[in-house]
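Shown next, in structure tokens, is the structure this report addresses.
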Amino acid sequence: MAIQQALGDALSENRFVADKLEDVARLLEQQDASPFRVRAYRNAASYLRDLAHPVRHDYERAGKRGLDDLPTIGQSIAATVAEILDTGASSLLERLRGTTDPEEVLQTVPMIGPELARRIHQELDIETLEALEVAAHDGRLATIKGIGPRRAESLRHSLSDMLARRRPRRVLQDRQQPSIADILFVDQSYRSNLDGLPMIKPRRFNPTGEARLPILHVERDGWQFTALFSNSPAAHRFGRNRDWVVIYFERADQPEGQVTVVTEHGGPLDGKRVIRGQEKACEAYYLEQVQEHLQAH
């Protein structure tokens, strides 16, 4: 009897995960995401709901790869399932609902309290643990007051332990991201079509509770993109909440990444849209565009 009860509890967790995946599919559909992406989450939800053994067993046995090996569960969805099994929540689902609180997410990391989480979010516009890990490796995290190189190294180890089961090995060394051209194209597509985009109700900085934050889902060159204006405290404080665009991207063989595109003020890129932290690459991209234009004429 006890064994049957334990199995029933484990299978109810399957249904819990499936319900969250179904919620993702429903919101993606409402927000005009590609039918392929909607169908992928819906199929995964259906599979997990009918699975005869606890999906947690696959995760505990082989980490994210154990989830990847299941029918209908691709790498991107496997990461979402892993996060739900680890935390009981999905940052993707919370983002689609407009209920995400990045500072609470950052505080799940040892050594990051409320004040440090606030500084990281405000100064780097980071909203996910994956993006925080990238910042810890590329040096941006060490620039935050109160961290420095030694603490950044400790945070790298903590994040590595926390995220190890959710991703393939060597993911940071092999990490790729969309081209500068693709990211800037998504940014332009978002800002030029605001009136026609679905709206979400952000929990923060929204006292009236209205649906006021446009969201774009688009696929380009094999990448799935989600774009929306930054709703961070810094964006509101500097009056850039209709300028800074946060773009999330993922691909079947890559974990989710995040960049912020802003209008540059001053310097050689004055007035241009620039990916924060990749200013040199953006400068080279714009120079190449000018050269191509001159050659064509």
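Computed values, structure above
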item: Residue-count net charge about GLU264 - beta-carbon cut-off 10 Å; Lys, Arg +1, Asp, Glu -1; result: 0
item: Chymotrypsin sites (Phe, Trp or Tyr not before Pro) within region 222-275: DSSP coil, no more than 14 neighbouring Cβ in 10 Å; result: PHE238
item: Violating pairs (Cα-Cα greater than 29 angstrom) within the set LYS20/LYS64; LYS145/LYS280; LYS64/LYS201; result: LYS64/LYS201
item: Rg/Rh ratio calculated on Cα atoms of the chain (Kirkwood radius); result: 0.98
item: For region 239-275 versus region 184-229, the gap between their alpha-carbon centres in whole angstrom; result: 13 Å
item: Check: the chain dipole with +1 on Lys, Arg Cβ and -1 on Asp, Glu Cβ, in debye; result: 420 debye
item: Sparse-neighbour loop sites [GluC sites (Glu not before Pro); region 204-280; at most 13 other C-beta within 10 Å; DSSP]; result: GLU210
item: The chain: relative contact order as a whole-number percent, Cα under 8 Å and 6+ apart; result: 15 percent
item: Per-residue [θ]222 nm for the chain (sum of -39500 (n - 2.57) over DSSP H runs n ≥ 4, rounded to 500); result: -16500 deg cm²/dmol
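None of the figures in this text is laboratory data; all of them are computed from the coordinates on show. Quick caveat, the model's predicted, so the values are computed rather than measured. We place every Cβ from the backbone using ideal geometry, glycine too, and count neighbours over all the protein chains shown.
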